[in-house]
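Below: one structure, written as structure tokens.
The values are calculated or read from the model by the stated rules, or taken from the named source; none is laboratory data. Being a predicted model, the structure only gives us computed values, none of them experimental. Quick reminder, even Gly has a Cβ in these numbers, built from the backbone with ideal geometry, and neighbours come from all protein chains shown.
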Ligand code: NAD
């Protein structure tokens, strides 16, 4: 029996509130589709605004006890969650494939990456240190405690249904916050499976609540307007992020924002081309390009641009495209028809020369072939859009300063990549790139122990590392006579 079959058989496809499974207030459901067959694989309860507020009530009631609980206890629950998830990694990966479509190998990578946040923050839970020091005038003892911020609303996207949840759940719980998680409606099952996992790990009722909903605007809006909610941690598009920031303003609601990316990938003249192509494949093709960290624009020194394009095209053409659970598949379908059509449109309008792919294969499923477009002109529309698909546009450059200027010519700034054999030059370029993260001679740098996040319109705050827990803590200063 698969994890999906078990969730359905055990009636765990409802809203998870206060440790129990419930139908939505008005009986509405979300049809979850397998993107490789377009068929409905499950029906999940679609919460109403009142359901969302019910979850806030549960999280609010559970907060004092959870915040007061021993940090070691919280850490051990997270550690058990890590062990349980890792002991069933294939089952969780299979569930991701069922609702998101990605290749099983990508899904396994996601489960391991995602579970690692539980382990990392199980360790951070017991390292919440404050400070004590004397004021400069000598009159005061300054004590600073870091206290849990309170009931936290977590809103996640569909592209990493497990990992985008764990990256928020783990630091929130470690900090002593209780949560309401609103997953994307394309992929609610992974979050429901995680609620079940935490129950097994010994998490008390009300600490974790999960409210899927197809009416995200209404449900999230109602929860954000409720004064018992003290935090919004959001991952998704910049467009939605801006809307939520505006909604947060009247309440001065504390927000963390992980938003869109438009990553430049620079290949300098002296780069090791084997390494650059390997890095490009990782940076572009993890999750079929449906990653906020995906390399979106390739700027390649003119003298090596043709060779780089040839090698990248060969590597892309060798990938096997198909349903995520089929053996040997490297690239699954995109999430839905709209996403596939948007990718196709961007390719049609990109200009340049398509050297491989460039179309959606015939048949069912939202597939798009791995595509390379060389000699794309600067200013082409595809360079300004977040492609979110398996497409690599290549632009030649003659002058490094100009390439860096082009790389920085965007309102987004999540991640950038640079490949060069000159480590010192690489560090210099990395420092000049306007991004929260830079991969230097590496195509994949996400790591739970490192701060993940963007600058400019790519977001506010950081997830992972010791920074991640501070998004859910507030410093409290107590001044007393020395
Ligand atoms: P999205 O903004 O459409 O949706 C994200 C979440 O917000 C979903 O749960 C959705 O239901 C909810 N939502 C949508 N509209 C809402 C509204 N009006 N009010 C309240 N909630 C609303 O994004 P998506 O399409 O699910 O995800 C893809 C985007 O996420 C890309 O732009 C990608 O770059 C970004 N992303 C960023 C990171 C990061 O860490 N920076 C990670 C993954 C994805």
Helices (runs of 4 or more DSSP H) wholly inside the range 130-239 containing at least 2 residues that are touching a residue at least 60 places away in the same chain (Cβ under 8 Å) and away from the ligand (no atom under 13 Å from the Cβ): 163-175, 189-200
Odd one out for residue 329, checked against (1) farther than 25 Å from residue 402 by Cα; (2) touching a strand residue (DSSP E or B) at 6+ places or on another chain (Cβ under 6 Å); (3) assigned to a loop (DSSP other than H, G, I, E, B): (2)
Count of the range 259-285 residues which are assigned to a loop (DSSP other than H, G, I, E, B) and either more than 16 Å from the ligand (Cβ to nearest atom) or in contact with a helix residue (DSSP H, G or I) (Cβ under 6 Å, 6 or more places away or on another chain) (or both): 7
Selection from the range 245-258 of residues that are closer than 15 Å to residue 152 by Cβ and either more than 7 Å from the ligand (Cβ to nearest atom) or surrounded by fewer than 23 Cβ atoms within 10 Å (Cβ to Cβ) (or both): 248, 251, 253, 254, 255, 256, 257
Single residue of the range 426-443 satisfying the filter (within 14 Å of the ligand (Cβ to nearest atom) and in a loop (DSSP other than H, G, I, E, B)) that is farthest from residue 262 (Cα to Cα): 436
Pairs where the first residue, in the range 452-476, is in contact (Cβ under 8 Å) with a residue 40 or more places away in the chain and more than 21 Å from residue 116 (Cα to Cα) and the second is within 13 Å of the ligand (Cβ to nearest atom) and part of a helix (DSSP H, G or I), C-beta under 6 Å, 6+ apart: 457/238
Residue 289 vs. criteria in contact with a helix residue (DSSP H, G or I) (Cβ under 7 Å, 6 or more places away or on another chain), in contact (Cβ under 8 Å) with a residue 24 or more places away in the chain and either within 16 Å of the ligand (Cβ to nearest atom) or within 26 Å of residue 163 (Cβ to Cβ) (or both): no
Given (1) assigned by TED's automatic domain parsing to the domain that holds residue 118; (2) within 16 Å of the ligand (Cβ to nearest atom); (3) surrounded by 18 or more Cβ atoms within 10 Å (Cβ to Cβ), index of the condition residue 389 fails: (1)
